[in-house]
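Since the structure comes first, as structure tokens, the remarks are kept for the end.
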Amino acid sequence: MLSRLAVALLLVGSLHGCLTYEYEHEFWLRVDGSGTVNVTGRPALWTAFKGLGSSEGPDGTATRRAARELFERSGLRVKRVTLTRRRGQPYLFVSADFPDVNHISYTPAFPDLRVSLVREGGRLRLEGSWQRPLHLPEIGDRDRDGLMAVRFHLPSKVYTHQNAADGVERGNILSWRQEVSAALAGSRLEFGAVMDERSILFSTVRLFAGAVVLAALLLAMAFWAAIRRGRRDLEHSD
């Protein structure tokens, strides 16, 4: 019985690890608002969600060059643009750095995204939503299957989140997802979280520095006590 349960849990874990998205925004965020975003999706979904290319031939018009120009017009520094294949279908991938996440909403590269990061009482509040702009071209039925997602790798302790699909995942990851068919119909995907304004790295460094200082103080006190003891022994010997 226990062995069957273990196998079932392992299977569920492996299936979760293999979850893939047909269209995805993935953010690596810093506490100052800067960071990196990766966008991956089939060309037709880039056309439907970002207006890149033509609905009559998205595979030939939602190109790497067009995607790079789109992100550069939006003030991001493009790091990499690739075109890969998964299950025989093309997927366009863009990785780019941004100086402030608050300035990317509704730019040419992100007509489908609203996001803000603000400080409130010693904490950071992330809020936003993703929704397909309804004025963008319709696409065919073959690209309506699967899931789309917005994912954040957050830099500090997460206190609360707004309906993240799997809660706080390892490495402070929060994910929000929905069916591509619902996204194409204009369904809004809302997201949010509250986190510490101090990064995990900063907190770790501060803790380490405190431990080093404490160790140095203890060593100095032990050294001072040894010197005093030595002086007293010399005085008694005289």
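A quick yes/no check of all residues on (1) among the β-branched types (V, I, T); (2) modelled with pLDDT of 95 or more:
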{"residue": "L83", "(1), (2)": "no, yes"}
{"residue": "P99", "(1), (2)": "no, yes"}
{"residue": "L126", "(1), (2)": "no, yes"}
{"residue": "R132", "(1), (2)": "no, yes"}
{"residue": "D143", "(1), (2)": "no, no"}
{"residue": "M148", "(1), (2)": "no, yes"}
{"residue": "R151", "(1), (2)": "no, yes"}
{"residue": "P155", "(1), (2)": "no, yes"}
{"residue": "V158", "(1), (2)": "yes, yes"}
What's the total number of residues in segment 86-113 that are touching a strand residue (DSSP E or B) at 6+ places or on another chain (Cβ under 7 Å), over 19 Å from W28 (Cβ atoms) and either charged (D, E, K, R) or outside the structural domain of G53 (by TED's automatic domain parsing) (or both)? 1
When the residues of segment 54-79 are filtered to those that are acidic (D, E) and surrounded by 14 or more Cβ atoms within 10 Å (Cβ to Cβ), which remaining residue is farthest from S34 (Cα to Cα)? D59
Would you mind telling me which numbered condition in (1) at pLDDT below 95; (2) among the aliphatic types (A, V, I, L, M); (3) more than 17 Å from the chain's Cα centre (by Cα) A165 fails? (3)
Test: residue in segment 46-61 that is hydroxyl-bearing (S, T, Y), touching a residue at least 60 places away in the same chain (Cβ under 8 Å) and part of a helix (DSSP H, G or I): yes
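The values are calculated or read from the model by the stated rules, or taken from the named source; none is laboratory data. All values reported here derive from a predicted model rather than from experimental measurement. Note that we place each Cβ from the backbone using ideal geometry, even for glycine, and neighbour counts take in every protein chain shown.
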